[in-house]
1. Short version: ³J(HN,Hα) in whole Hz for each residue of segment 38-47, in order, from phi by Karplus 6.51 cos²θ - 1.76 cosθ + 1.60 (θ = phi - 60°), x for Gly and Pro, what are they?
2. For the chain, with a Gaussian network of springs between Cα atoms less than 10 Å apart, report the residue from L64, L38, L13 with the top mean-square fluctuation.
3. Taking K and R as +1 and D and E as -1, what net charge do the other residues with C-beta under 15 Å from the C-beta of F58 add up to?
4. Please give me, ordered by residue number, the chymotrypsin sites (Phe, Trp or Tyr not before Pro) of the chain that lie in loop per DSSP and have at most 15 other Cβ atoms within 10 Å.
5. How much net charge surrounds S44 when only other residues with a Cβ under 15 Å from its Cβ are counted (Lys, Arg +1; Asp, Glu -1)?
6. When Lys and Arg each count +1 and Asp and Glu each count -1, what net charge do the other residues less than 14 Å away from A24, Cβ to Cβ, add up to?
7. GNM on the chain, C-alpha springs below 10 Å: top fluctuator among D11, D60, D52?
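None of the figures in this text is laboratory data; all of them are computed from the coordinates on show. Please read these numbers as outputs of a predicted model, since none were measured by experiment. Cβ atoms come from the backbone with ideal geometry, glycine included; neighbour counts cover every protein chain shown.
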Amino acid sequence: MSQKDLYEWIDSLTQDIDFRYHGAYGSICPFNRKNISLCFNGESVTAYSVSDAMNTKFIDGQSLNDLCEVLEFG
């Protein structure tokens, strides 16, 4: 998935987004555009904007922007 598509999906606030990376599970839970919970492999962090969510390095030291094309969604 492209960076733009993932950004728009998070920004739509329509649902939680589940993903896998190297056999570990994660999720993106956009409660609103200023409160987005990012979880991966049992750890969580809060982002305060969609841009912040895309740039926060919470997946093995990498961000959604870094990995969006290799994450397995669904």
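1. For segment 38-47, the Karplus curve yields 10, 10, 7, 6, x, 10, 9, 8, 9, 9 Hz.
2. Result for the chain, Cα springs under 10 Å: L13 fluctuates most.
3. Net local charge, F58 excluded: -3.
4. Y48
5. -4
6. -3
7. For the chain, modelled as a Gaussian network with Cα springs under 10 Å, the answer is D60.
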